[in-house]
2 protein chains.
Amino acid sequence: MDGEYRWDPISDRWVIIAPGRAARPDHFQEGVMARQIVAPCPFCRGHEAQTPQPVAVYPPGAAEWQVRVVPNLFPAVAMEWSSAGPSSSAVRPAVGVHEVIIEAPHHVVSLAQLSDEQVSWTFASYRDRLAELGRDSRLAYGAIFKNARAGGGASLEHVHSQLIATAQTPESIAQEMRRLMDHWQARQRCLLCELLAAEVQQSRRVVLDRDGFVAFCPFASRFPYETWLVPQAHAADFTAATPSQLESCGWLMRDLIRRLEASLPEPAYNFWLHTVPFHRRDGAAFHWHFELAPRLTRLAGFELGSGSFINPVSPEKAAQVLRQVR
Amino acid sequence: MDGEYRWDPISDRWVIIAPGRAARPDHFQEGVMARQIVAPCPFCRGHEAQTPQPVAVYPPGAAEWQVRVVPNLFPAVAMEWSSAGPSSSAVRPAVGVHEVIIEAPHHVVSLAQLSDEQVSWTFASYRDRLAELGRDSRLAYGAIFKNARAGGGASLEHVHSQLIATAQTPESIAQEMRRLMDHWQARQRCLLCELLAAEVQQSRRVVLDRDGFVAFCPFASRFPYETWLVPQAHAADFTAATPSQLESCGWLMRDLIRRLEASLPEPAYNFWLHTVPFHRRDGAAFHWHFELAPRLTRLAGFELGSGSFINPVSPEKAAQVLRQVR
């Protein structure tokens, strides 16, 4: 296949799909990550004193926690802001909340290693924390994301995800919101619903289609094996998901990660949630979903300097590989 | 210092500067990269047969090359495109040119290790290749960039940079062009010229100011120690730079990288050129410059999912550190 530019309608982003590049040699042997733990892991059961007091624990009221949400000890944003804060139009206080969701009491590194119950509590904690922070008028958006393995940006390997709620809606979300609202106004339909229907009909890029969710590798995937997990019924707000939807969503995400791990050796990966910003009464056009991105290539000078992505694995091939697992 | 959101006027991008995060522990010991070369280096003198025929060699006509430009063996884009190419509005052929600039005949890894002459030829090659490709009406932009060390995305460690010329102007360039043109129309002045004058006057973020160039750490730096190298006199087109400007630019870039390497242990880094797109007669508002980004933090779920950056080192601190080297 020749390389091609592909356009993603959700983000209005062009991506270069360049399958010829996958074969290029790599003289760096990154090899096995140093897995030595330099200190007792602060996320393991028994070391709770090394993290701040939890803001939530699951199962609620249980003697032994399975999932534990704590404030980040080194937050990127904070609710306290000195009164002598900045005032120019080019600077604003980075007001916000930064929490860590510890997804298991034992030392494992991937969501694929969690029990049914731990996955369910993890996704329930995403909903609960977003619902609570979404009531704070100072906050505009809550970003849920996971960095798994060092190549995915994890600084602690113990399985965890994070929540950064901020006073500004991040650029990618604002852009997606604008595009979905524009389409809704023009066509009285959701752009992602339309896309999903076309993907299901074409089926070439679909990985899973069950329990009310579709997982597919987007036409203009930025990353090799990038996969989106989308509820089939239109829904703007992740926090309105039912317990059974949350459970299905979590288990399907675990299934997708297991497929990745069966196809690639110990892949680093990220996933993140896109959901409607807080306090948006006009936000019905949004369609919440998760985006899962294995980190096999490194973002480098071309991507950072130009804002363009080059993806050496076509999403049709990626979906075929992921579909065939088991 | 509390964390803050900062706005960059050139890109219209907000960044979170969060100095508190720099102190967080990192349980992964990435340690020393495996430096073992798995095969003879194809970029070293004597192995010229392992790369395609050069499109340029420096010094021109010399018996022994110092700098050598070759087509990339595994190009992301190509000028040949099968006639049965895609035709929908969401896909276009990835037409373009992908070249590698080998900056020295001997096996070194960083531009800081090059001789005066090698740096000069390297920057002359950037100009020459862009000038030649810029005459091709099928191409819209030529991106010059460097990936140094594995953390910077280099797949071969031998010192080199790359050129990817494409039929579409990349998004970051198109965005910067729009902003600079809007400002020019509104104020009859260049936005980057204004910014540069303010930075020189304030001086807190300036690293170097000599030979007609200013290097500074931008107010809304995305990356720790991010530094821009900008010609002080307004100029849209890098290919119009004089030989002495090119030489100064290259030597100052080498100086900046030496400062980085004196401040940080074997830092991975990228740099890239922003210059006016090809064939833009209305492009006088552009102001070419280089952006240098050490890669100390990893772009992870938050950045990829939200389009936002969190930078743990304030640019004021970064500039102070870089200024003090020697």
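Tabulated results
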| quantity | calculated |
| --- | --- |
| Shielding of A:146-157 by partner chains, average beta-carbon count, 10 Å | 5 |
| Per-residue ³J(HN,Hα) for the range B:47-61, Karplus 6.51 cos²θ - 1.76 cosθ + 1.60, θ = phi - 60°, Hz, x for Gly and Pro | 10, 4, 5, 7, 10, x, 3, x, 8, 7, 9, 10, x, x, x |
| Span-like helix ranges in chain B, DSSP H, alpha carbon extent 20 angstrom or more, Kyte mean at least -0.5 | B:243-263 |
| Using a Förster distance of 30 Å, the FRET efficiency for B:ARG204-B:ALA174 (Cβ separation, nearest 0.05) | 0.45 |
| Residues with amide H under 5 Å from that of A:LEU208, placed H, sequence gap 5 or more | A:ALA215 |
| Separation in nanometres of the label points that stand 7 Å from Cα toward Cβ, at B:GLU64 and A:MET79 | 6.8 |
| Residue closest to axis [chain A; rotation mapping onto B; Cβ; Å] | A:LEU299, 3 |
| In the range A:39-140, trypsin sites (Lys or Arg not before Pro) in a DSSP loop with at most 12 other beta-carbon atoms within 10 Å | A:ARG135 |
| A:ASN311 long-range amide H proximity, modeled H, under 5 Å | A:ILE16, A:ILE17, A:ALA18 |
| Estimated 222 nm signal from helices in chain A, with DSSP H stretches of n ≥ 4 weighted -39500 (n - 2.57), rounded to 500 | -8500 deg cm²/dmol |
| Teacher prompt: B:ASP182 distances to equivalent labels in other copies, 7 Å Cα→Cβ, nm | 1.4 |
| Inter-copy separations for A:PHE74, label at 7 Å along Cα-Cβ, nm, ascending | 3.2 |
| Residue mean of other protein chain beta carbons inside 10 Å, A:162-172 | 4 |
| Solvent-free Debye scattering, log10 I(q)/I(0), computed from the Cα coordinates of the protein assembly as shown at q = 0.05, 0.07, 0.10 Å⁻¹ | -0.22, -0.45, -0.96 |
| Average partner coverage of B:305-314, which counts Cβ from other chains inside 10 Å | 6 |
| Gain on full stretching of the segment that runs from A:ASP211 to A:ALA240 - 0.36 nm per residue minus C-alpha separation | 8.7 nm |
| Simple spin-label estimate for A:ARG187 and A:ARG45 in nanometres, 7 Å along Cα-Cβ | 5.0 |
| Fully extended contour minus Cα-Cα distance, from B:GLU132 to B:SER115, at 0.36 nm per residue | 3.6 nm |
| Vicinal HN-Hα couplings computed from phi for the range B:290-302 (Karplus, 6.51 cos²θ - 1.76 cosθ + 1.60; Hz; Gly/Pro x) | 9, 10, 10, 10, x, 10, 8, 10, 9, 5, 10, x, 5 |
| 7 Å along Cα→Cβ, label-point gaps from B:THR51 to other copies, nm, shortest first | 4.9 |
| Within the range A:162-183, backbone nitrogen closer than 16 Å to the virtual label 7 Å beyond the Cα of A:ALA284 toward Cβ | A:180-183 |
| Segments B:215-222, B:168-175, A:60-67 sorted - mean Cβ within 10 Å per residue, highest first | B:215-222, B:168-175, A:60-67 |
| Cα gyration tensor shape of chain B, rounded if a/c is under 1.5, else prolate or oblate by comparing a/b with b/c | rounded |
| Kirkwood hydrodynamic radius over Cα pairs of the range A:140-190, then Stokes diffusion coefficient at 4 °C and 1.567 mPa s, in µm²/s | 98 |
| Point-to-point label distance, B:HIS107-B:SER263, nm (Cα→Cβ direction, 7 Å offset) | 3.1 |
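Values quoted throughout were computed directly from the atomic coordinates according to the rules given, and no laboratory measurement underlies them. Please read these numbers as outputs of a predicted model, since none were measured by experiment. When we count neighbours, we look across all protein chains shown, and the Cβ atoms used for this are built from the backbone with ideal geometry, even at glycine.
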